[in-house]
Amino acid sequence: MKPGRRHLRQFATVVSGLAHPRQSGAQVRRAALAKIHIAKQELGLDDAAYRAMLERVTGRTSAADCDARQLGAVLDELKAKGWGPAPARRTAQSPAARKARALWISLHQLGVIRNPSEAALEAFGARQLGVAKLQWADDDQMFRLIEALKAMAERAGWDQSIPLRDPPLPPGEVTALLKARLEAAIARRRAEGLIR
């Protein structure tokens, strides 16, 4: 085994939870430095307190000058002060959830809703469906949510009807049709002064 590989594995072990098997040592180091600076901000440490903590823990006043063990010690110190990386938020990934998300963002572009975030969509879904997370909604509930979002779009002037044909329109053509209608509705609402 090459010495560089061993060093990378040791670095990844010291800075636990940061390494991905295909990350280089520089990428792992950047991730550690980023976590340290995020923790500094989230803990509300001013620059003087941050540098004093760095010097106490590592003997250095800059995280950029620290080696792998020192970065690990700094992260441990920040965790002892109460910081912890935020858990990754899981979002619903079903086709219906993706459609609801696309409608939600389009409604924001139309000026119908103010907050296009995933959290706002989750809150709307909770009010409409009575489930705390969209990933817990069943197909029937997701259908109701999508229909509610479509009704909001229709009220804003975005036609959601799909022409019935035999054979039906391919999905790509349906998407292109809805996008063109969305752009036209946005232009109308902008001309009416309803959105900027």
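Using only Cα atoms, tell me the angle between helix 68-80 and the longest principal axis of the chain; keep it within 0 to 90° and round to the nearest 10.
Roughly 70 degrees between the two axes.
Just one of [x] 8, 29, 20, 11, 13, 12, 5, 1; [y] 9, 34, 34, 19, 4, 0; [z] 8, 24, 18, 16, 19, 13, 2, 0 is P(r) over Cα pairs in 10 Å bins from 0, in percent calculated from these coordinates, so which is it?
The calculated read-out lines up with [z].
Check cross-link reach from Lys133 to the aspartates and glutamates: straight Cα distance under 15 Å, and skip same-chain residues fewer than eight apart.
Cα-Cα hits under 15 Å: Glu118, Glu122.
Going Cα to Cα from Lys40, which aspartates and glutamates come in below 15 Å? Please leave out same-chain ones fewer than 8 positions away.
Leaving aside aspartates and glutamates fewer than 8 places away in the same chain, those within reach of Lys40 are Glu55, Asp76, Glu77.
Would you mind working out the magnitude of the charge dipole of the chain relative to its Cα centre, with +1 at each Lys and Arg C-beta and -1 at each Asp and Glu C-beta, to the nearest 20 Debye?
Magnitude of the dipole: close to 620 debye.
At a Förster distance of 45 Å, what's the computed FRET efficiency of Asp76 paired with Arg196, Cβ-Cβ distance as r, to 0.05?
Calculated transfer efficiency: 0.40.
Kindly provide the helix-only [θ] at 222 nm of the chain, computed as the sum of -39,500 (n - 2.57) over DSSP H runs of four or more divided by all residues, to the nearest 500 deg cm²/dmol?
After summing the helix terms and dividing by the residues of the chain, the value is -20000 deg cm²/dmol.
Springs between alpha-carbon pairs under 10 angstrom, Gaussian network model over the chain: which of Arg127, Arg60, Arg165 fluctuates most?
Of the options given, Arg165 has the highest mean-square fluctuation.
Considering only the other residues whose Cβ falls under 14 Å of the Cβ of Leu71, what net charge follows from Lys and Arg at +1 and Asp and Glu at -1?
+3
Provide the FRET efficiency to the nearest 0.05 for the Asp140-Leu169 pair, computing r from the beta carbons and using R0 = 30 Å.
0.75
Throughout, read-outs are computed from the coordinates displayed, never taken from laboratory work. Because the structure is a prediction, the values reported are computed rather than measured. Virtual Cβ from ideal backbone geometry, glycine too; neighbours counted across all protein chains shown.
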